[in-house]
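Reading through the structure tokens given below for one structure.
The numbers here are math on the coordinates, done by the rules we state, and not lab data. All of these numbers come straight from a predicted model, not from anything done at the bench. As a convention, Cβ positions derive from the backbone with ideal geometry for all residues, glycine included, and neighbour counts pool all protein chains shown.
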Amino acid sequence: MNHNLLKNLFTALALMAAANLTAADWVRKKAPIMSEWGEKINPDKVWTEYPRPQMERSEWMSLNGPWDYCKKKSVDLSYNLSPTAFNQKILVPFPIESALSGIMDANFEENTQSTFVYQRTFKLPKAYKGRHILLHFGAVDWKCAVYVNGQKAGSHSGGSDPFSMDITPLLRDGEEQEIQVTVTDPTNHGGQPLGKQTLKPGGCFYTPVTGIWQTVWIEPVDAAHVSSYNVTSDIDAGTVSLTVESASTSATADIIVKDGRKTVATLTGIPVNSARTVSIPNAKLWAPGSPHLYDMDIHLYHNGTQTDRVKGYFGMRKISRGMVDGHPCMLLNNKPLYQFGVLDQGWWPDGLLTPPSDEGMRYDIEVVQSLGMNMIRKHIKVEPARWYYYCDKMGMLVWQDMPSKSFDENGSIGSQKFIRQNFYDECTRIVNTLKNHPCIVVWVAYNEGWGQYASGNDSHTRRGVEAIRKADDTRLINAASGWVDFEAGDIIDQHSYPVPSLQSNPLNERVAVCGEYGGITLKVDGHLWKGNDMEYTSVPDSKALAERFNAYTVALQGLQEQGIWASVYTQTSDVEQELNGLLTYDRKVFKIAPEEQASVREEILRTIHNRSRQTVVVDAADTSSDEVWSYTTVTPSGDWYAPSFDDSQWDKGQAGFGAGGPPNTFVRNAWNTSDIYIRRHFSIGNLSQAQINALQLWLYQDDDCEVYLNGVKAYEVKGWATRYVAQPIAPEALATLKPNSDNVMAIHAHQGYGGQYIDAGLRYTEYIPVEEYSVGPMPERQSMPEVRATDSVYLMSYFKASAQHLFYAYSRDGKTWTDINGSRPVFNAYDDEVWLRDPYLHRVTHNGKTKFHLIHTWGWDHPALFHWESDDLIHWTAANGGTRTDDGKIMLMDGHDGGPVSPNAWAPEFTYDGQTGTFYLYWSSRIGDRQVHHYCTTKDWLTFSTPAVYFDPGFTAIDMTILKEGGTYYAYYKDERNGEKTIRCATSKSLDPRVQRFEGSTPLLPSRYIEVEGPEVFPAIGGKGWFLYFDKFNGDRGVSYTGCTDPSQHKWYPIPDDEIRNPTEVKHGSVEIISTAELEKLLEHFK
């Protein structure tokens, strides 16, 4: 039998089989909890609203509702030829794993190797006869093929973007039509973007979603019809650019722009596929609180006849950046606006990614808006188009995440290169679909490193940002929300649970935000999902939830002087085992009770409309090293917090108290027990009553603590912070404070796990209306260093993790390096057993002689350093002329001459003072529980001064390198604390610490850059500026580079990793400039 005849036969059989199945055959399954919309769903009236409000036609037909369904346990997208296999009904558009689908398939692993087949029939209205029929899918996860009457209509890959196909040639005259959709979804195994889906739900990852999960619909059009339009507003010019897209390239369009019933602009006879600009007189701007929208009526003409008409809308608004109070900020319509939002994942207990109804979907937005928030971060999910329509109408700003993929760079859908390109392509399609919505102001490329592949280099991050920017250059881009930040995009984003904080923002050219914080858990019995609970911090009731929420809002206000301009609270609703929503997962309980909502709204609006300014009243350890407390780690008897309590037998010590290396701490007294009690007396001076009422705690607690002022509890919190934050003080405690008198602060801190720290001070806060601040332009970027062609080249000396000896490589531009000696060692300190690490090589003219000096570490745990000299970089001797290993050894940290004792001496370098003929030799050694930089001096490399502390920033630090520019020395070093592992800068006017010590801890990189060490600075040959590279030591990922032309500004701009070709297995080391003649001798010798 002919294959097509066979298909026709089975199509007819399918039509007959479908006739025997009705909506009554669909059975709603029961999820652990259900929403009220899911409980009352009508399968014959599911998602009946027009699905594409931005381009609306008068005629359309929904194909949502019960479809025939079957599952094949193999991956095969071909047409299903067995009509009897359709033995179930599935309710479209709900995914197969959801209760509302009627399937609720929980065989997650099996499903990755299966195919899901949907089938239904429909009849076209008579009015559609003779017209082209477009079949639309809102979203299908992940790969599908579509068949109409047994013939393939098209296919699609991508789980979050809509797609369409013209099925006209496949339709039958006057008959029922049959549609079949076959779907496969590899979920975690594929490598495609999938957001929070996982095959093993738990923590912050949820039930997988497979198949059709947004509306399916058809609409009739003429052959010449509008396929889309693009609209870009320009509020500064008072214009809007409009482009009508159509495959009929000879068509023209008339566009009527209306403000309500009033026509404000008209374009006639404009060619399709080309932009036209039209003025909008006295334009009304779109913004939260006044979300004005202009309506559009588009008429398409072909050969003098109107062939299509669509309705749309747009908003006149602008999102940009400017400088306010010394920091970059987000501007809406050229005015600064703090964006206070919520993380919205859009998951539902009964529909999973598919909301149970249009009404339910809108309810979430209404709840967020009722608290005064003006922004929603749509978290790694793309909603149905109507969700964005409601945000447009209601004036809700949106940060739209790109759906992310998993951490694994491999997958079944293709090679690593294909997987990356697929991500860029899906991002581009999502942006093109949504970019006409005025509500969207930020695109988020990556979330918390998922699918960012950031451990190796920054190339994938930058390409993702470039793909989005190419699709839409009118919005801000958040390159990486949380985790690894490569100084890309327009925003620098910190995730901080539970207490909000900011990343360091060294270039100060991106807007600082806290993209996730909070996550307060309040369990509501009867409204819980199944499985383990995920918890950051918890409260017992609604009142405590509101108080904790307000405390975090006050903490946000405390960050405003540091430049915060947006924050995102986690989250709108509980999601499966995450119980930190403002709503329960079923949306039946608003956890902040009505009587508490007013205070929450008031604090949010205060944050949006004002900027806080703080004044220190009582110092904490971050602003003073002289704050002394009485303390004990033994539980005291009596009212230890009372002003009259006798603490004379307690120990005395400087703040802060801690251990374990939490970030941003100033540990001056060790606290390594489970509990500590601290007390101090203080004065608030002559503060007015208004200033006293505005006092806030300046607190860093890790973990739980309770704070008392004059015997009255002022604040209590469970959980940890990662920095000092402002916290509210109970009014009854504020009432006890006495100006120009003695007051007492008492704190009990309890350690749970991990690092620990406690310290506190007092500050008072003023609120300045945001409109009182002026807006300046963004600063111009500094120029990058430029290497100019000379007869000089760069020589890098380094070691490898796999072979700890000296290696060479050379470069003419400081970026592209070529191995010397075939990447084999060039020197081994005359002993293969010596671990030659951290080599530093530098040429010096001393006492009329020019030599290369090489110093290096001896392994991990040895107090010796080594020094060697050479005239040609080939032959090395010790300072005494010897060529034995021991000749080059320098014992400095072994306690001789009464000097310090340490088990190690790491990463030595030296700086030569030509005026005094002195070499300043410096390195880091472990003293007690941390590394501290030491130094000594020498004039002959045979005798040395007694080592002494050179630089101590108050925390463990290693790997110092020094640059002199003008009259200032810049010391770049590694902050070795856990959670830091970054590069900082200290400065001094002298190399001699007896004249002036190095001071400072200015960060060079965002605090969420990948962990790095071993900074090294070298100048641009023949030009101006400097390069600084650092070792990406985790996984031995090579080195990355930054450039700077003015070190005093501390602005080191990253050089994209794609522009760098590193030496083989390079680690640490240094760079020296040599002549091309010297290079030729090296290449000749090391053939």
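At 0.692 mPa s and 37 °C, plugging the Kirkwood radius over alpha-carbon pairs of the stretch 334-610 into Stokes-Einstein gives what diffusion coefficient in µm²/s? It comes out at roughly 172 µm²/s. Here the stretch 1051-1087 and the stretch 549-570 have alpha carbon centers that stand 45 Å from each other. Working note: Debye formula, equal point scatterers on the alpha-carbon atoms of the stretch 594-643, no solvent; log10 I(q)/I(0) at q = 0.12, 0.20 Å⁻¹ is -0.66, -0.83.
For the stretch 780-909, the Stokes-Einstein estimate of translational diffusion at 4 °C and a viscosity of 1.567 mPa s comes to 79 µm²/s, using the Kirkwood hydrodynamic radius over alpha-carbon pairs. Descending by average beta-carbon neighbour count within 10 Å, the peptides 926-934, 1036-1044 line up as 1036-1044, 926-934, the highest first. Between ALA789 and ASN847, the simple spin-label model (points 7 angstrom out along Cα→Cβ) gives 4.2 nm. Per-peptide packing, taken as the mean over residues of other Cβ atoms within 10 Å, places 773-784, 315-326 in the sequence 315-326, 773-784 from highest down.
Please find the FRET efficiency linking ILE1073 to THR946, where r is the Cβ-Cβ separation and R0 is fixed at 45 Å, and quote it to the nearest 0.05. E between ILE1073 and THR946, to the nearest 0.05, is 0.85. Ellipticity at 222 nm from helices only: DSSP H runs of n ≥ 4 in the chain, each -39500 (n - 2.57), divided by the residue count, give -3500 deg cm²/dmol.
Our analysis of the stretch 744-791 gives Rg over Rh at 1.33, with the two radii drawn from alpha carbon positions and Rh computed by the Kirkwood formula.
Between ASP894 and GLN113, residue separation times 0.36 nm minus the direct Cα-Cα distance comes to 274.7 nm. According to the calculation over all Cα-Cα pairs in the stretch 702-842, the P(r) per 5 Å bin from zero is 2, 7, 10, 9, 7, 6, 5, 6, 8, 9, 10, 9, 8, 5, 1, 0 %.
Just the projected area, averaged over all directions, of the convex hull on the alpha carbon atoms of the stretch 792-1085: how many nm²? Numbers along the way, then the final one.
Working: hull surface 58.1 nm².
The Cα convex hull of the stretch 792-1085, projected and averaged over all directions, gives 14.5 nm².
Each Lys and Arg contributes +1 and each Asp and Glu -1, all at the Cβ; summed about the Cα centre of the stretch 334-610, the dipole is approximately 640 debye. Estimated from the Cβ-Cβ distance and a Förster radius of 45 angstrom, the FRET efficiency linking LYS543 and GLN421 is about 0.30. Could you sort out which of LYS262/LYS378; LYS89/LYS381; LYS470/LYS1024; LYS262/LYS335 sit more than 30 Å apart by Cα distance in this structure? From LYS262/LYS378; LYS89/LYS381; LYS470/LYS1024; LYS262/LYS335, over 30 Å: LYS262/LYS378; LYS470/LYS1024.
Scaling the Cα radius of gyration of the stretch 619-772 by the globular reference 2.2 N^0.38 Å produces a ratio of 1.02.
One Cα centroid belongs to the stretch 320-393, the other to the stretch 216-242; the line between them spans 23 Å. Distance from the alpha carbon centroid of the stretch 632-695 to that of the stretch 763-812 works out to 40 angstrom.
Note on the stretch 228-314: Rg/Rh from C-alpha atoms, Kirkwood Rh, equals 0.99.
Using only the Cα atoms of the stretch 447-511, construct the convex hull and provide its projected area averaged over every direction, in square nanometres to one decimal.
Working: hull surface 19.1 nm².
So the Cα hull casts an average projection of 4.8 nm².
Sorted by mean Cβ packing within 10 Å, highest first, what order do the peptides 529-538, 93-102, 60-69 take? Spell out each step's value before the answer.
On the way: 529-538: 15.9, 93-102: 28.4, 60-69: 20.9.
By packing density, highest mean first, the sequence is 93-102, 60-69, 529-538.
So which of LYS849/LYS1087; LYS30/LYS393; LYS45/LYS126; LYS30/LYS196; LYS405/LYS523; LYS815/LYS939 end up more than 25 Å apart by C-alpha? Result: LYS849/LYS1087; LYS30/LYS393; LYS405/LYS523; LYS815/LYS939 exceed 25 Å. For GLU716 and ILE768, FRET efficiency with R0 = 35 Å and r from the beta-carbon atoms, rounded to 0.05? Efficiency computed from Cβ-Cβ geometry: 0.70. The magnitude of the dipole of the chain, with charges of +1 and -1 set on the Cβ of Lys/Arg and Asp/Glu and taken from the Cα centre, is near 2680 debye. If the segment from ASP871 to THR266 were pulled out straight at 0.36 nm per residue, it would be longer than the present Cα-Cα gap by 209.8 nm. Extension gain, ASN672 to ARG824: 0.36 nm times the residue separation minus the Cα-Cα distance gives 50.0 nm. Rounded to two decimals, the Cα-based Rg/Rh of the chain, with Kirkwood Rh, is 1.02.
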